[in-house]
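Heads up: the structure comes next, in structure tokens.
The values are calculated or read from the model by the stated rules, or taken from the named source; none is laboratory data. This one's a predicted model, so the numbers in the text were calculated from it and none came from an experiment. As a convention, Cβ positions derive from the backbone with ideal geometry for all residues, glycine included, and neighbour counts pool all protein chains shown. Heavy atoms of the whole protein, side chains included, go into the accessibility calculation; ligands, DNA and RNA do not. Shrake-Rupley method; radii C 1.70, N 1.55, O 1.52, S 1.80 Å.
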Amino acid sequence: EPDVTIVSGLKDAVVSEGDDVTFLCQVSHENARDVEWKLQDVALQNNEMNEISVEKGKIHCLTLRKVTEQDIGTVTFRVGPHTSTA
């Protein structure tokens, strides 16, 4: 299995309370396994507040819906041993 690396990392974002924010991270290969999103070191699941998806096979997306002050912190994307933070 090829080693999947991060081609384009996360970018910092500033949003107003109540808005949605989307983070994008591009990886080198499609169908990457062992992928994880975290907010403040807490693993995120796909639910009504966090939308996790993959576009065009290589672009991993995280949308945080209706952010609050409690959502301030570091977003981390991890694929295998590689990480990107914003």
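Tabulated data for the structure shown
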{"quantity": "Mean separation of Cα contacts under 8 Å (6+ apart) over length of the chain, as relative contact order %", "calculated": "38 percent"}
{"quantity": "Using θ = phi - 60° and Karplus 6.51 cos²θ - 1.76 cosθ + 1.60, couplings along the range 46-60 (whole Hz; Gly, Pro as x)", "calculated": "6, 8, 5, 9, 10, 9, 10, 8, 10, 10, 6, x, 10, 9, 8"}
{"quantity": "Estimated inter-spin distance, THR83 and VAL42, nm [label 7 Å along Cα→Cβ]", "calculated": "1.7 nm"}
{"quantity": "Unit charges on C-beta of K, R, D, E only; dipole of the chain, Debye", "calculated": "200 debye"}
{"quantity": "Sulfur and carbon atoms: percent of accessible area, the chain [1.4 Å]", "calculated": "45 percent"}
{"quantity": "Proximal aspartates and glutamates relative to LYS58, as straight alpha-carbon distance under 18 Å, when same-chain residues fewer than 8 apart are discounted", "calculated": "GLU1, ASP3, GLU30, ASP34, GLU36"}
{"quantity": "Reachable lysines from LYS66, criterion Cα separation under 21 angstrom, eight or more residues apart if same chain", "calculated": "LYS11, LYS38"}
{"quantity": "Accessible area (Å², per residue) of the chain, counting only protein heavy atoms and a probe of 1.4 Å", "calculated": "65 Å²"}
